[in-house]
Each structure stands twice: as C-alpha cells, then as structure tokens.
2 protein chains.
Amino acid sequence: MRWNLPNSRVPEAWFNVVPHLPAPLEPPLHPGTREPVGPDDLAPLFPMALIAQEVSADPWIDVPGAVLDVLKLWRPTPLVRASRLEEALGTPARIYYKDESVSPAGSHKPNTAVPQAFFNKLEGVERLTTETGAGQWGSALCFATALFGQECKVYMVRASYNQKPYRRVMMETWGGSVVPSPVDDPEHPGSLGTAISDAVRDAATREDTHYSLGSVLNHVLLHQTVIGLEAKEQLAMAGEERPDIVIGCCGGGSNLGGIALPFVPDPEVELLAVEPASCPTLTEGRYEYDFGDTAGMTPLLSMYTLGHDFIPPSIHAGGLRYHGDAPIICNLVKHGRMRATAYPQGKVFEAAVQFARSQGTIPAPETSHAIRAVIDEALAAKEDGRPKVILFNYSGHGLLDLSAYDDHLHGRLIDA
Amino acid sequence: MRWNLPNSRVPEAWFNVVPHLPAPLEPPLHPGTREPVGPDDLAPLFPMALIAQEVSADPWIDVPGAVLDVLKLWRPTPLVRASRLEEALGTPARIYYKDESVSPAGSHKPNTAVPQAFFNKLEGVERLTTETGAGQWGSALCFATALFGQECKVYMVRASYNQKPYRRVMMETWGGSVVPSPVDDPEHPGSLGTAISDAVRDAATREDTHYSLGSVLNHVLLHQTVIGLEAKEQLAMAGEERPDIVIGCCGGGSNLGGIALPFVPDPEVELLAVEPASCPTLTEGRYEYDFGDTAGMTPLLSMYTLGHDFIPPSIHAGGLRYHGDAPIICNLVKHGRMRATAYPQGKVFEAAVQFARSQGTIPAPETSHAIRAVIDEALAAKEDGRPKVILFNYSGHGLLDLSAYDDHLHGRLIDA
C-alpha cells in the first residue's frame, strides 16, 4: 500500500526544531579566533537568507513559492507500507517508509539543493561551487542549478571521478561542470577534505560565486523537514496515531534530521540514528568542538567527532563516511532524545538484498543501514509479540551503486 | 503538476484492442508447416492462460488479485504535466506524460513480467528463461520471479554482458542467474537472435521450464494497457476531455501499445509511433510474414519487417533495435489508424538533454525518441497557435544508460 498526497500538500513552511531541542545549540566558532562566528564571517560563502535560517529560532520558516514549484516536480513523495517485507519477516510490526528515492537525482538531497540554489539566485548569485564524494550531493545541486539557470562547478574526489563515471555524466547532463580534486595534483586520489578546500577556495576568491553544502548545517536539516511533515500527514491517512520509532541512516545527518525532527516534540516517539561500524561518530566519537573539514578551513562545530583527520575505510556507503555529524543530531543524542547504533556493511547488504527480493526496489548502500536496523527492530517486535509501528527514511535508490551489490553477491565485500 | 491515483484504482481488467482493430489479425504460422499455429504448438513454451489471452477476442480480461497486489507496489503511476518543458518551448500545447520509470526495474516492462510470472506459477512452472539485450526486460522478469519465488535464467547478449555490468548485477540482486550468449562460443559477441535461441532451447528441453517474451506478442501488449487506462482517468482529473495525440517510442511495440491501445476506439485521437532512423521498421519495412527471431526458430508473424537477418547499427536505444514489430501495431499502421516517424539518435539526445534540464529527470534513450517527437509536435502547435493536448509514455529512466549521454555530451555519438 502507498499513500500519496496531492501536489497542493507539499509543506509550505519548514519545521525548525531549535525551540524544541533538549538544550541550547552551542555556536560555531571562528577557526582563527575561536570566537563565535557572525553573519559577516559567512557572507563570502552563503547568501544572507540562508545565514539567517542557520541561526533562526522561529518555529516555522516559509517555503518560497518558486521553491515549492520545483519541489512539486516530485513531492509529496509516497509513504509506503512494506507489507511484503513484514510478511517475509513474520513480524507483527507495521513498517512504513518515506520514499525519497523518487526525486530526479534519486535521493533526498534535492530538498535542500533547490532552496539553496533559489536563495542564491535571489541575491544575484549565478554560480555555485560544491564538493562531492560518491556524487549524490553534486548531482542534486546540478539538478537544482539547471532549473534556476545557474552555473554549477563540482569538485569531485578524484578516486570517485575515475571509478564512478555515471555520477559525473549525470551532473554534466544537467549542465554542471565537474573536475577531479585536488585540482593541483593529478596523481592524488583526493578526499572529501581536498574537495571542500577546492570548492571553498573557488567561491572565496570569486565575487560572483557562493559555496553550497549538502548536510551538517542547521539550514540544511531545516530544508529536509518536508520529509517528516509529509510523513505525519500520510501516517494519519494510514490510520496510525504516531510511529513508535523513527529510523534513518546518519552520515552528516540530513536525511535522518529530515524525517525525525518533526517528531522531536512528541516524547512517545523513539528516534534512532544508524551509522556504519567503520565510521562510528555517534556511537564512539567524542563530543567536542572540531572542524567540519579535514583541512581545518571551516568554523569549529560542537558535535560528536572521530577527529577531523580521521579517514574512514573505503566502504560502499560513501555518503556515511564523515568524521562528524550535524550539531542538531549530536545535541539530540548527547541529551538522550535520540539513540544511535552501528552496523558493519556485510549485515547491511544482507538486509538490502532481503528488501530488494521482498519489496522489489534496490536501496542505496546508505539507506540500507536504516533497513538493517528496521529489520532488527521488526524481529525484536516479533519476539515481544508487539505490533510496533516503524517509520524509516528510504533516502535513496541504489541504481548507481550496483557495483557494491556485485561485490556483496560475489563475496568480495570487506566486512568493515 | 502531477495526478496520482490511489492504489485502489489500478485497472482490474486489461483492455483487449482486438475487437477494435481496423482489420482482423492474421494468425501466426508454424515455422515448419507454414500452417496457423495452435495452442499445442505453443504449450512447451507458454502457460495455457497466456496462450488463451494471445488469441482472445474478449473485450476485457480480468487481472488476477495476486497480480494486482504486486502491481500496486508502484501503480498507478503518476500522470505529469510537463509545464517546464512547455515553458522552455514557448508552446501553447499542453504536454502530459505517464511516468512508467517509477517501477522497481525502471521501465514499463514489469507490467507484463508480473502477470507472465504469475500465470506460469499458477500452472506450477517454477523456472523461466528469457533473453535480454541491454537488460531492461531481463531485469523486469528477475524482479517479477523474485516476488513469486521462481527461478529465472537470463541469456544476455555477450557484448552487453561485458559492457553493462550494472544491469547484470541488478538481475542477480533479485536472485536471477545471468549468462552471456551464445553459451557455446565465448568469442562470439552475441545478438538478440543468439540469446533467443539459447533461451528457447533451454525451455524446450526442460520439463520444469517455460520461456517468457517481453514484447511483440498480443498478450504482452494486453498487459501493458494498464498504462493507457490509468492515463484516461488521470487526464479527466486534469480537466482534459481527450488527448489530441498519443505518442510512444516503438521497438517491439509494448510501451507504445500500452499507452495507445485504449485510445484506438476514439477516432478523434491521433496515434504516433516513433522509431530510430537506423532501424526504421514501420517507416521503411515491408509488410509480410517473417520470423520473430534471427535464427528462424519462432512462428512467422504478419508484420512490418526489415528482414529477420537485418542487423541494425549499434545505437544506444538497445530496446528499439528489432527488425519487426508487434502484429497489433503493424495492423494499426497498415490500415491508417496509427502514424509512424523516425529520428536519428543525435536529434533524439538533444531532446533528452532539453527534457532533463527543464523537467529534471533523465529519460532512457528509447523514451527520448518519443520526447523528440513530442517537442516537434509542440513546436508545430506553436506555429499553428493551437493548444494541442499531447500525451506520451515516459517508458523508462536513463540512469543505467548514462554512458550514452556521455557520448552525446562529448561529441562521440554516431548520428545514425
């Protein structure tokens, strides 16, 4: 069963979780002075509208009409009951998922790429730069800038640039320009750190250019709350009062935040973050101020971190290989409002294949972390004989990650 | 704008166009005797329920509940108004498309894979074989057999097997087994002809196995009519009395038939088939009896054909490289109820990129043939100042065909 909403039900305001957090957010600090950063520090990189959202305490923030018009190309996304998975597991749990894979770029990322492109356009910025690892975020931003007629330059980790040509082609099809990073050393395989440095340097040194980030920051999670807001309305259509638990995978925190934040005010709803065992930020990191990037160029954020120089093993869920996490997510975990768990990728791909063979669609490796946890929760509910209501975010499809499935099916996966 | 229908509106009966054809269909002939084939000739390969559908003159044929249950995983598919494309073209035409790319396999093919797997299951057949070229059909059948717990063996054209590993991995993720064809000559690049021979030989020599075909036959087009039936209801929701023209790309004819056949009885609706200039079956073929396969093993079909030994150039729209066409489609063209046109692939990819940069999604190379014709119709409507209503079938996404876009964007496309 699927519950669709008409175009007219795309949320017209984003939900700001800040007033509902268990403790105040600690401010980002300037990397040089270690004093709280002000709007002027951020102005060379971001438009004022996004800087204002970043620090806003307003409970709701309006979605501009031009953003709504683009979101309506694929939103509202369907809420789906995973009845065949329930049947395969023999569980009394009722499993629902929000299908964010239906966007043009194949994931939840365009939910923030579109408003970021728009607010830049509004301030006359016709060129954006960004970094991309596996390519999900870079393709979302190229899609968004194509629709607003802006230029987009993507610095792609050189190893991915060489190994994953399909993501590069996707970005070029939308008119984006993609170069391997680091730009100054053609022998270097690159990392998210080098790519951020390249993208920030480009934006900081050109008057006509801003920089765009796909996760971690408050305004990014804010834009993603359309997911949870729609899910609430659709669960009501399905006759559910509330989910008992909301589950999402967590790399920087944007898809998890998108589905979970609107449920924060309801203490009856449990929230669960799922991360890879090879990059266990929330489950094994220290809670402290750290840089957002490897090179130490960004402001310091208060968050769980494995250290900004931590290099995670090269697992297939490239979108989850981040040393830190969104300050909002870390705040919720630190103060007990959200739980976190970690899985090695072998168990994750077992869950992914079980999902594909029962529900039919092939999930992204990142999304499959959430699915692993969902299956374990559903099996626990079977033990307890309890008809638990589980909601999770199907954050993206795996059609551009099939080589990972190939490794799994043919015993070549490193079980990190 | 998108128009969704609830799960309950998946059509519960298929529309049989046979009673509405301008002339009776000519029967298939036995390849040996050249006499009309009977059910017994087909029984080693197909279940009786499908053989009955193949020759049925009933106006409607019920969709079994178990088939509906699976179709509801992604159906009804959305009807979308391509407003941004209209704007980019400055046309008064209103362009609508049926988005069949949302299926788990990414195209319209599962609409027939599911009932074919089901009717075989019903007769106790636990193993199916088929051929696949680029892989769209093979992946649809592996998806369907996964959900009914059957085995599926796919003979994949060796050149594709080596060049397109992602489609193979997709089939394996659903539990299918995929081998390169021809099986007996590892140096041979293979063709659809060799793969059909391998798949038919396998099915004909094993008691427990049937063969499954993804296009051309009457029962395949029948199963696809859910597309046009839903579109009719959704156009009414959008306030349109009828489309002025219905457009689909045509390789074997199944996606075109799916959207067009329910409109055959309405003489006000123009029907247009779009094929590649490099394989111009309807526009340049002869209307005569010919074999369905290259090797001459199948019954002879009455159709337009370029000759069963015609080998089309290796264009990117692999799904349109077929020497013949569905007898139902040929009947409509022969008797003037449907028009046909052909385009070279360079103009097709220009249209595809224009679509991606205005509407956001990246179409399959096959689908892009329809889009080329849609754009030309919309531009003609602009010339005439006429608000023509255009409906087309967005038969699949291009996410596993991005290398074709790479060739186009970097000037490496052969404009055949």
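What follows draws every value from the coordinates through simple rules; no lab data is involved. As the structure is a prediction and not an experimental result, all values here were calculated from the model. Cβ placement follows ideal geometry from the backbone for every residue including glycine, while neighbour counts extend to all protein chains displayed.
What to note about this one:
- Cα-based Rg of segment B:376-416 normalised by 2.2 N^0.38 Å, two decimals: 1.71
- Sparsely packed loop sites in segment A:170-225 (the GluC sites (Glu not before Pro) outside DSSP H, G, I, E and B with at most 11 other Cβ atoms within 10 Å) comprise A:187, A:207.
- Inter-chain shielding of B:392-400 (mean C-beta neighbours from other protein chains, 10 Å cut-off): 2
- Prolate/oblate/rounded label for segment A:328-391 (Cα gyration tensor, a/c 1.5): oblate
- Relative contact order (%) - chain A, alpha-carbon pairs under 8 angstrom, separation at least six: 20 percent
- Note on segment B:5-66: semi-axes of the ellipsoid equivalent to its C-alpha gyration tensor, largest first and rounded to whole Å, are 28, 17, 7.
- Viscosity 0.692 mPa s, temperature 37 °C, Stokes-Einstein D of segment B:94-167 from Kirkwood C-alpha radius, µm²/s: 251 µm²/s
- Cα gyration tensor, the protein assembly as shown - rounded (a/c under 1.5), prolate or oblate: prolate
- Shape call, segment A:290-416: gyration tensor on alpha carbons, a/c limit 1.5: oblate
- Point-charge dipole on Cβ atoms (K/R +1, D/E -1) for segment B:210-332, about Cα centre, debye to 20: 320 debye
- Rg(Cα) / (2.2 N^0.38 Å) computed for segment B:104-220, rounded to two decimals: 0.96
- Dipole of segment B:292-416, positive end: most advanced residue of B:389, B:360, B:338 [Cβ charges, Cα centre]: B:389
- Take every Cα pair under 8 Å whose residues are at least 6 apart in sequence, average their separation, divide by the length of segment A:41-151, and the relative contact order is 24 percent.
- Among A:116, A:150, A:163, residue whose mean-square fluctuation peaks in a GNM of chain A (springs only between Cα atoms under 10 Å): A:163
- The mean count of C-beta atoms from other chains within 10 Å of the C-beta of residues in A:347-356, rounded to a whole number, is 1.
- Here the peptides A:66-73, A:196-203, A:5-12 are ranked by packing, the mean other Cβ count within 10 Å, and the order with the highest first is A:196-203, A:66-73, A:5-12.
- Springs join every pair of Cα atoms under 10 Å in this Gaussian network model of chain B, and among B:186, B:363, B:276 the largest mean-square fluctuation is at B:186.
- Within a Gaussian network of chain A (alpha carbon springs, distance under 10 Å), most fluctuating of A:349, A:310, A:263: A:310
- The distance linking segment B:304-338 with segment B:82-104 is 26 Å (Cα centroid to Cα centroid, whole angstrom).
- Sorted by Cβ density within 10 Å, fewest first, the residues B:322, B:394: B:322, B:394
- Here the residues B:376, B:266, ranked from fewest to most Cβ neighbours within 10 Å of their Cβ, fall in the order B:266, B:376.
- Sparse packing (at most 12 other Cβ atoms within 10 Å of the Cβ) combined with a DSSP loop state is found for the following GluC sites (Glu not before Pro) in segment B:238-285: B:241, B:268.
- Quarter the surface of the alpha carbon convex hull of segment A:1-106 and you get the mean projected area, 10.8 square nanometres.
- Rg [Å, one decimal], Dmax [Å, integer] - chain B, C-alpha atoms: 19.8, 62
- In degrees, nearest ten, helix B:345-359 long axis to first principal axis of chain B (Cα): 60 degrees
- Computed from Cα positions, the angle between helix B:365-384 and the longest principal axis of chain B comes to roughly 30 degrees.
- Ellipsoid equivalent to segment B:276-324 - semi-axes via the Cα gyration tensor, in Å: 18, 13, 7
- For chain A, the share of DSSP beta bridges that are antiparallel, to the nearest 5, is 35%.
- Using every pair of distinct Cα positions in segment A:158-225, the Kirkwood expression returns a hydrodynamic radius of 13.6 angstrom.
- All lysines inside 20 Å of residue B:164 as judged from Cα atoms, apart from same-chain residues fewer than 8 positions distant: A:164, B:109, B:153
- For a label point 7 Å along the Cα-to-beta-carbon line of residue B:66, residues of segment B:100-114 with backbone N under 18 Å: B:111-114
- Residues A:188, B:308, ranked from the fewest to the most other C-beta atoms within 10 Å, line up as A:188, B:308.
- P(r) tail fraction, segment B:265-358 - alpha-carbon pairs more than 23 Å apart, %: 32 percent
- About its Cα centre, the dipole of the protein assembly as shown is roughly 480 debye, where the only charges are +1 on Lys and Arg Cβ and -1 on Asp and Glu Cβ.
- When only the Cβ of Lys, Arg, Asp and Glu is charged (+1, +1, -1, -1), the dipole of segment A:184-253 relative to its Cα centre reaches about 240 debye.
- For segment B:335-416, the list of trypsin sites (Lys or Arg not before Pro) that fall in a loop by DSSP and count at most 10 other C-beta atoms within 10 angstrom reads B:412.
- Which of B:16, B:108, B:194, positive extreme of dipole for chain B (C-beta unit charges): B:108
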